[in-house]
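Data block below; observations after.
The values are calculated or read from the model by the stated rules, or taken from the named source; none is laboratory data. Since we're looking at a predicted model, the values are computed, not measured. So basically every Cβ, Gly included, is an ideal-geometry build from the backbone, and we count neighbours across all protein chains shown. All accessible areas refer to the heavy atoms of the entire protein, side chains included, with ligands and DNA or RNA removed. Shrake-Rupley method; radii C 1.70, N 1.55, O 1.52, S 1.80 Å.
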Amino acid sequence: NYNAKLIIGTSNPEIEGILYLSLEELILGKGYGMFKKALANIAAEEDIIKVNQAIVKLFSLQNVIKYITILDSDKIIDQVEPIINNLEISLGAHFSNDLKISLYIHIGCLIERLVMKEPITSYKNLEEFTQCHRQFIEHTVKSFSVIAEVYKVELPVSEIGYIYDIVHSKIRDMKNL
């Protein structure tokens, strides 16, 4: 009864004439091109981006729920979204779905650590990191400014170092930041 263009799931139902995209490929960002192509004639590009973001956000929420103990995980995910978007824009980079999910989970847990006054205070070569990555630190502090204000917390450079490591693991050309 439906004119399906794409099936997203965990196992391929092998329906002739309908593209299949594994959820894992979509989450990892490997299938985004197929996702975008399948929906190109029926949805605007901005709507396709929104659907992809909603999938990433929902997947991240399911993972954050496992780790957040005192804060509302739905609220945290909503608060983390603009941090990631601002960071992506300020760095002038495109974050893959798997990078966004890693950041959602890490930053969600980070906010709880800050609220509980239990931040990670050590980071390898902290002084060197601070000197070499001032611009990344500034972008991150600015992206976190709303959270810092809402929860009355300060983001230590040591925590920024771990965010840098996560981003740098997926985007190699960040040496100048």
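Brief remarks on what is shown
- Hey, TYR104 touching a His at 6+ places or on another chain (Cβ under 9 Å) and surrounded by 16 or more Cβ atoms within 10 Å (Cβ to Cβ) or not: no
- Look at the range 28-39: where a residue is farther than 16 Å from THR10 by Cα and part of a helix (DSSP H, G or I) and a partner is open to solvent by 50 Å² or more (accessible area, probe 1.4 Å) and of a type outside the set (Asp, Glu), sitting 6+ places away or on another chain with Cβ atoms under 6 Å, you get ALA38/LYS5; ALA38/LEU19.
- Cβ-Cβ distances below 7 Å connect the following pairs, each with a first residue in the range 157-173 that is over 11 Å from LEU103 (Cβ atoms), a second residue that is open to solvent by 20 Å² or more (accessible area, probe 1.4 Å) and of a type in the set (Gly, Ala, Ser), and a separation of six or more residues or different chains: SER158/SER122; ILE171/ALA93.
- From ILE101, ILE83, residue being out of contact with any Asp or Glu (no Cβ under 8 Å at 6 or more places or on another chain), assigned to a helix (DSSP H, G or I) and at pLDDT 90 or above: ILE83
- Residue within the range 66-74 that is open to solvent by 50 Å² or more (accessible area, probe 1.4 Å), part of a helix (DSSP H, G or I) and modelled with pLDDT under 90 present: yes
Here is a yes/no grid of residues against (1) in contact with an Asp or Glu (Cβ under 7 Å, 6 or more places away or on another chain); (2) modelled with pLDDT of 95 or more; (3) in a loop (DSSP other than H, G, I, E, B):
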position: GLU138; (1), (2), (3): no, yes, no
position: VAL141; (1), (2), (3): no, yes, no
position: ILE147; (1), (2), (3): no, no, no
position: VAL150; (1), (2), (3): no, no, no
position: ILE160; (1), (2), (3): no, yes, no
position: ILE166; (1), (2), (3): no, no, no
position: ARG172; (1), (2), (3): no, no, yes
position: LYS175; (1), (2), (3): no, no, yes
